[in-house]
Amino acid sequence: MFNYFKLSRVLLYASVFCVIIVTNSTLFPFIVGKYVFFRGIVDLALISFLLGVIFSKNEWEALRARARRVLRHPLFIAVSIFTFVFLLASLFAYDAGAAFWSNFERGDGGLQVLHFYVFFTLLLLLFRNESEWKKIFTLSLIASGLVILYGIAASLQINPFIGPEGFCNRVAGSLGNPAYFAPYLMFMMFYALWLWFSKKQNPLRNTLFVLILAVLMFFFLLSQTRGTFLGLGLAVIIALLFLSFSLPKGKWKNVSVILAGISIILAALAFAFRHENIPLVPFCESSSRLLDLSVSDQTAQTRLWTWGSAIKGWQERPILGWGPENFGVVFDKYFDPRHFSPNQNSETWFDRAHSVYFDYLTETGIVGLLSFLGIFAVFFLQFWKYRRDIITHHHPRGALLAALLLAIPVGYLGQGVALFDVLPIYLNVFLFLGFAVHLFLEIRHHEKHA
């Protein structure tokens with residue numbers, strides 16, 4: 001009999017390649033093709049899964065036990081609550097149609113989040129061992145390579161649609177915006193490090209992953225996205241501090257303490273010399289913008305003004321907000337005239353608050369923001385509960401893997417202060433959360449059968 005569950009898994013593997021889709025024939029070539037592809041793949045995966053439930057009853061019986069464990073897990077429940085609140089905010093939105101269906105330019109909204117939730121749930125039901133998660137991590141890295149190759153082609157003027165970029169301009173790959181590209185690469189670094197440290201190492205394997213990480217970091221720096229640069233720096237410091245306290249006394253504990261100290265000193269120096277025009281990529285002077293951290297900067301100022309408008313909008317509709325994709329209404333109603341400067345080339349209209357937190361606060365209200373933060377509160381509680389078991393379960397590099405697991409949500413939440421979520425970021429947030437649920441379930445299972 002045809003294996004519908006296997007087909008559903010294959011489709012989920014394919015979904016990570018949505019990031020490479022660029023549709024030149026559409027009004028928003030870097031947006032439309034990606035979400036159409038992603039939604040189509042997820043819909044087909046869901047249909048295939050449901051056909052498996054109907055026609056592959058023997059395998060479904062084996063899946064039912066997995067489903068019961070997944071549905072009861074606190075992190076799955078937290079993600080479910082967030083999705084429900086998001087859809088509820090869409091239903092009671094100022095413009096409910098825009099909140100649910102979104103628009104061509106963004107492709108977010110209730111329908112998109114519903115697809116991410118289905119993606120998240122199917123991953124947890126169908127990916128029952130770590131090898132399947134590692135496979136989707138590997139495929140994500142392959143997809144990221146294609147995303148980067150698109151950026152290289154653009155910089156070499158191979159793609160006439162993009163035109164010349166030059167490596168010293170901000171690189172965006174096939175995502176169309178450096179502010180999307182940088183957090184996407186941050187997740188790719190996590191996948192690469194997890195794949196590297198979770199398996200027995202050898203010189204060839206070590207060389208391969210060092211090269212992969214070097215390429216990812218190189219293009220991460222070329223994106224010149226300050227918010228994600230700060231998020232990654234915070235993630236590194238937290239990971240090293242965790243290792244400093246978690247490792248037993250010995251050489252590696254001393255190394256982690258030294259590295260944690262160095263990273264904190266480097267962060268302090270970066271802040272102290274933030275106006276000194278120091279490029280982080282040697283041949284690229286414009287990369288010095290990564291250290292140009294100032295609230296008086298034009299982009300920082302526009303964000304602060306926009307956050308002021310967001311707070312005023314939230315005060316008017318505090319419970320469920322104005323609804324997803326309705327921030328433009330708030331921005332218009334509480335427009336800060338400082339955005340309009342006749343003598344400067346500045347943006348004068350925003351449909352996002354340019355902050356994950358202010359976006360959720362304004363668009364989904366205090367209930368939506370708390371449900372979003374609740375996901376990560378549950379994650380950190382689960383992580384703290386099982387941290388020792390993660391270290392033991394993945395011996396001898398368990399401490400490194402635990403530090404990685406802690407670091408990536410820290411980096412994501414850090415960069416979210418000044419950036420907002422889009423498909424390439426959402427996709428990897430839900431993928432990471434699914435993997436975290438799987439990992440915690442496996443730890444609990446081993447505890448019970450130890």
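The values are calculated or read from the model by the stated rules, or taken from the named source; none is laboratory data. All values derive from a computational prediction rather than experimental measurement. Cβ atoms come from the backbone with ideal geometry, glycine included; neighbour counts cover every protein chain shown.
Tabulated data
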item: Subset tally (residues that are over 19 Å from the mean Cα position of the chain (by Cα), modelled with pLDDT of 95 or more and among the hydroxyl-bearing types (Ser, Thr, Tyr)) for the stretch 331-387; result: 2
item: Residues of the stretch 214-239 satisfying the condition of being among the small types (Gly, Ala, Ser) and touching a Gly at 6+ places or on another chain (Cβ under 7 Å); result: GLY231, ALA235
item: Qualifying residue in the stretch 345-353 (condition: surrounded by fewer than 23 Cβ atoms within 10 Å (Cβ to Cβ), in contact (Cβ under 8 Å) with a residue 12 or more places away in the chain and within 22 Å of MET186 (Cβ to Cβ)); result: yes
item: Residue that is touching a Pro at 6+ places or on another chain (Cβ under 8 Å), at pLDDT below 75 and either loosely packed, with under 13 Cβ neighbours inside 10 Å or among the β-branched types (Val, Ile, Thr) (or both), where the choices are GLU285, GLU276; result: GLU285
item: Given (1) over 25 Å from THR138 (Cβ atoms); (2) surrounded by fewer than 20 Cβ atoms within 10 Å (Cβ to Cβ), number of the condition PHE372 does not satisfy; result: (2)
item: Failed criterion for GLY33 (all others in (1) more than 18 Å from the chain's Cα centre (by Cα); (2) farther than 14 Å from PRO424 by Cβ hold); result: (2)
item: Residue within the stretch 375-385 that is in contact with a Ser or Thr (Cβ under 8 Å, 6 or more places away or on another chain) and either surrounded by 20 or more Cβ atoms within 10 Å (Cβ to Cβ) or part of a helix (DSSP H, G or I) (or both) present; result: no
item: Scope the stretch 247-256; condition surrounded by fewer than 18 Cβ atoms within 10 Å (Cβ to Cβ) and within 17 Å of ILE390 (Cβ to Cβ); matching residues; result: PRO248, TRP252
item: Residues (touching a helix residue (DSSP H, G or I) at 6+ places or on another chain (Cβ under 9 Å), of a type in the set (S, T, N, Q) and surrounded by fewer than 20 Cβ atoms within 10 Å (Cβ to Cβ)) located in the stretch 88-137; result: ASN129
item: Any hit, the stretch 127-134, residues being part of a helix (DSSP H, G or I), at pLDDT below 95, within 15 Å of PHE219 (Cβ to Cβ) and not basic (Lys, Arg); result: no
item: Residue within the stretch 309-331 that is touching a Lys or Arg at 6+ places or on another chain (Cβ under 9 Å), more than 26 Å from PHE104 (Cα to Cα) and not in a loop (DSSP other than H, G, I, E, B) present; result: yes
item: Criterion (buried (at least 21 other Cβ atoms within 10 Å of the Cβ) and under 20 Å from TYR360 (Cα atoms)) met by exactly one of VAL437, VAL410, VAL422; result: VAL422
item: Leading residue by the ranking (farthest from PHE358 (Cα to Cα)) among those in the stretch 307-335 that are touching a residue at least 60 places away in the same chain (Cβ under 8 Å) and of a type in the set (Gly, Ala, Ser); result: GLY323
item: One residue from VAL417, VAL410, VAL422 being among the β-branched types (Val, Ile, Thr) and within 30 Å of GLY40 (Cα to Cα); result: VAL422
item: Options VAL79, VAL85, VAL36, VAL10; residue that is farther than 23 Å from PHE331 by Cα, at pLDDT 95 or above and crowded, with 21+ Cβ neighbours inside 10 Å; result: VAL79
item: Within the stretch 1-89, helices (runs of 4 or more DSSP H) holding 2 or more residues that are of a type in the set (Val, Ile, Thr); result: 32-55
item: Candidate set: the stretch 42-97, residues that are free of Cβ contacts under 8 Å to residues at least 40 places away in the same chain and of a type in the set (D, E, K, R); chosen: the one nearest to PHE383 (Cα to Cα); result: ARG72
